[in-house]
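First up is the structure itself, then whatever we jot down about it.
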Amino acid sequence: MNATPHFTLDQENKPVASVNRPSRSWRGFTVEHVVVEGTKPVDYTWSGETHYLALHDVVLDEGVTIMDGQKADTTRDLRDTISFLPSGCGIEGWSKPADRANSYTALYFDPAVLHDDLELRYRGASLQPIPYARDGSLQQSMCKLRGMITDPYAENIYAESACIMVAIEALGLKAVQAPGVLSNRQINAVRDYIAAHLTSDISLSDMASAAQLSRYHFGRAFKATTGQSPYAYVMARRVERAAELLASSDLSIEAVASLAGFANAAKLRRYFCHAKGVTPVAFRRGLG
């Protein structure tokens, strides 16, 4: 995706001013969380080269949606509903938001990149637009993306993995065979990459490139090889690095967190306690 995709939201033929829409992008994926404030009517349009999936937390006083030329939809209570638009499908409409906190979380994903990631499992089959459906499992998955986009410390590796799995779930794709395992050369290359970049925000794309695999196949093969997801493995390595620093230095907890690759001391404490059963301070004290 060359530019960040998003719905066009207008009021009186001008872009909506009272809207907050933070977004994050990775190769082939963009996630945004859109909060619309106020009750003024909003016009919206969309037609793009990506697939579009959205989880709504919206209630309308009035509104009309026309999706890809289908019959107009006047549903007003859109809370916990899912909408899907395949690449090339258009949507237009207007809505008058109810006087409440209204928002939606959207995932835009590139069919071409998804095809590369999934290889033979996804051939760009004919897909139909789905307006305002209810799917408990997909709703939970989209809630994870919402939490990720509103968390400034969310890890790239977790976010990319979540986007791929949500896209697979939305398209109804199933695993066609058990995952293979990484060769010794591949796993060593990945471990070397992690060790050299532990303090960076490592992405799933980075790790997959080290193993010369697509992100989807790498994620499955890595877990089959190590017993851990790529995200869990990286966080475990960071915990072990933090333990080494706690044992060998008198650095502050904040400094240890930074040198071990954690976004802040609070995140270090959370993962350290989960892995070791004690806080970093208690761990250091126990060494004495």
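Just so you know, all these numbers are worked out from the coordinates, no wet-lab data involved. Predicted model only: the values in this text are computed from it and were never measured. Heads up, the Cβs are rebuilt from the backbone with ideal geometry, glycines too, and the neighbour counts pull from every protein chain shown.
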| query | Pulled fully out, how much extra length does the chain show between E240 and Y193, if you take 0.36 nm times their separation in residues and subtract their Cα-Cα distance? | reply | 15.3 nm
| message | Let me spell out the model: positive unit charges on the Cβ of Lys and Arg, negative unit charges on the Cβ of Asp and Glu, origin at the Cα centre of segment 141-288. What dipole size does that give, in debye rounded to 20? | response | 380 debye
| How much length is gained if the chain between S137 and V281 is pulled fully straight, taking 0.36 nm per residue apart and subtracting their Cα-Cα distance, in nm to one decimal? | 47.9 nm
| So what's the projected area for the chain, the Cα convex hull averaged over all directions, in nm²? | 17.4 nm²
| query | Under a GNM of the chain (C-alpha, springs under 10 Å), which listed residue has the highest mean-square fluctuation: D57, D250, D116? | reply | D250
| request: Using Cα pairs closer than 8 Å and at least 6 residues apart in sequence, work out the relative contact order for the chain, in percent. | output: 14 percent
| note | Checked segment 23-172 with the C-alpha gyration tensor, a ≥ b ≥ c its square-rooted eigenvalues, rounded below a/c of 1.5, otherwise prolate if a/b is larger than b/c and oblate if not; verdict oblate
| field | Selection from T226, Y153, Y44 lying farthest towards where the dipole of the chain points positive, charges on Cβ | value | T226
| field | Note, ³J(HN,Hα) from phi for segment 89-99, Karplus 6.51, -1.76, 1.60, rounded to Hz, x at Gly and Pro | value | 7, x, 9, 8, x, 8, 8, 10, x, 5, 7
| Roughly what would the spin-label model give for R27 and K96, points 7 Å off Cα along C-beta, in nm? | 4.8 nm
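Roughly speaking, what is the stretch gain from A224 to K14, that is 0.36 nm per residue apart minus the C-alpha to C-alpha distance, in nm to one decimal?
The A224-K14 span can extend by a further 70.5 nm.
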| task | Determine the principal axes of the Cα atoms in segment 31-97, then give the extent along each, sorted from largest to smallest and rounded to whole angstroms. | result | 30, 27, 19
| note | Comparing A167, A243, A221 in a Gaussian network model of the chain (Cα, 10 Å), the one with the largest mean-square fluctuation is A243
| request: Starting from the Cα of C273, move 7 Å in the Cα-to-Cβ direction to define the label point; list residues of segment 221-243 whose amide nitrogen is under 19 Å from there. | output: 235-236, 238-240, 242-243
| field | Nitroxide proxy distance, nm - points 7 Å out along Cα→Cβ at A112 and Q128 | value | 2.9 nm
| field | Computed magnitude of the charge dipole of segment 71-172 (debye, nearest 20; Cβ of K, R +1, Cβ of D, E -1) | value | 460 debye
| note | Highest GNM mean-square fluctuation among P230, P111, P22, for the chain with Cα springs under 10 Å, belongs to P22
